[in-house]
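Rule-based calculations on the coordinates, nothing more; no lab input. Values in this document were obtained by computation on a predicted structure and should not be read as measured data. When we count neighbours, we look across all protein chains shown, and the Cβ atoms used for this are built from the backbone with ideal geometry, even at glycine.
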Amino acid sequence: MRIIVKTMQGLEEVLAEELKDLGGKDIQILRRAVSCDGDYELVYKINYLSRVAIRVLIPIVKFYARNEKDFYYRAMDYKWVQHLSSSNTFAISSTVNSSYFTHSHYVALKLKDAICDHFRKKMGRRPSIDTEQPDLKFDLQISGDNVNISIDSTGDSLHQRGYRIQGHQAPLNEVLAAGMVLLSGWNKKSPFVDFMCGSGTLPLEASMIANNIPAGIRRTNYAFKHWPNFDNGLWRRIQKEAKSKIIENDIQIMANDIDPEAKEIARQTFLSFNFARNIELSNVDFKELEGIPEGSTIVINPPYGERIGEEDDMDLLYQEIGDYLKQNCKGSTAWIISSNFEAMKKIGLKASKKLVLFNGPLECKFHRIDLF
């Protein structure tokens with residue numbers, strides 16, 4: 001069975017390594033996705049264990065269409081009874097990048113019509129739509145005239161770990177945060193530092209990685225749990241095996257933010273997560289932060305200065321970050337993500353590596369700076 005796992009741009013190589021470790025075969029890197037061969041056990045494992053996967057799809061049909069009529073009839077001709085019965089419920093999500101089809105919601109409605117009409121013609125009864133907890137969720141993607149339809153095994157995006165305490169205005173995406181930690185090459189032995197931690201996503205993902213905590217340990221719902229062939233025994237075994245590998249790593253993780261509200265959100269999140277209780281959390285201007293251990297891995301996501309008039313403020317802030325790193329963090333490695341390429345020049349330290357990542361729609365560079 002072919003499986004397609006979606007991720008964020010720049011994290012494809014990290015995801016490929018995860019799939020290899022989980023048992024995926026014939027792994028191929030795609031754009032913002034990785035494909036592999038596997039079975040339903042692998043589908044369950046990816047959903048539960050992958051730190052950088054966003055969605056796990058099982059492709060079922062591919063065809064070409066350049067107009068609404070072709071699309072409808074080719075979709076209706078597919079043998080939907082292989083996956084659905086008239087008593088099941090289903091939902092459709094869609095992504096369109098095509099000059100032939102310009103409205104994703106409209107093509108989703110046409111696919112819904114094609115599926116229902118297929119059942120009316122064959123069975124005399126049609127399945128129902130359920131957008132909340134459908135038995136099957138279909139993922140429709142159209143690129144040009146290339147139509148791909150898959151079964152979505154995930155449901156809500158896998159970045160929704162289930163530990164987020166609401167309140168912070170711009171929290172870092174959990175998948176991106178985990179990807180940054182993994183890309184940094186942190187060895188889970190040296191101290192991990194984030195002195196601009198916001199609501200604490202980077203330190204928390206680092207703690208989960210250090211303690212072998214499954215990425216989905218707090219999630220309760222996946223689309224595959226509503227499938228007619230869901231194997232609850234297999235699912236419980238996968239969870240049990242993963243939880244048996246959790247360790248208590250007393251590695252030093254330091255988190256700091258100048259914003260008291262963000263710090264309080266981080267504190268509450270850490271307290272609710274047993275293995276994050278030992279994160280050292282402080283609330284000072286980073287320039288006043290003392291005691292960064294030599295040999296630390298420092299990963300930070302500073303403000304980018306997207307609002308008009310913030311250019312000078314950002315130049316000063318980035319200059320202060322560079323000065324602090326030079327004066328206080330010798331012998332460590334710093335990784336900084338930013339979409340503000342001009343402000344990054346004010347750091348005043350040469351990057352030994354620059355990786356392209358996306359924070360939402362913003363193209364960023366993830367800079368490695370070796371502090372000798």
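Can you give the relative contact order of the chain as a percent, counting alpha carbon pairs under 8 Å and 6+ residues apart?
15
Sort 178-190, 204-216, 66-78 for me by packing, meaning the mean count of neighbouring Cβ atoms within 10 Å per residue, highest on top.
Highest to lowest by the protection proxy: 204-216, 178-190, 66-78.
Among ILE279, ILE151, ILE46, rank each residue by its count of other Cβ atoms within 10 Å, from fewest to most, as a rough exposure measure.
With the fewest neighbours first, ILE279, ILE151, ILE46 line up as ILE151, ILE279, ILE46.
By average Cβ neighbour count within 10 Å, what is the ranking of 227-234, 16-23, 195-202 from highest down?
Top of the packing list down: 195-202, 16-23, 227-234.
Using DSSP, restrict attention to beta bridges with both residues in the chain and report what percent are antiparallel, rounded to the nearest 5.
Taking every DSSP beta bridge within the chain, about 65 percent pair in antiparallel fashion.
Would you mind checking the pairs LYS240/LYS263; LYS20/LYS110; LYS45/LYS189; LYS6/LYS112; LYS20/LYS189; LYS20/LYS350 and listing those with alpha carbons more than 30 angstrom apart?
From the list (LYS240/LYS263; LYS20/LYS110; LYS45/LYS189; LYS6/LYS112; LYS20/LYS189; LYS20/LYS350), the Cα-Cα distance tops 30 Å for LYS240/LYS263; LYS20/LYS110; LYS20/LYS350.
Just to be sure I understand: of the beta bridges DSSP finds with both ends in region 2-152, what percent are antiparallel, rounded to 5?
Percentage antiparallel, nearest 5: 70.
Please work out the Cα center distance from region 314-372 to region 17-69, rounded to the nearest Å.
Rounded to whole Å, the Cα centres lie 33 Å apart.
Could you name the lysines whose alpha carbon sits less than 16 Å from that of LYS353, not counting residues in the same chain fewer than 8 places away?
LYS345, LYS365
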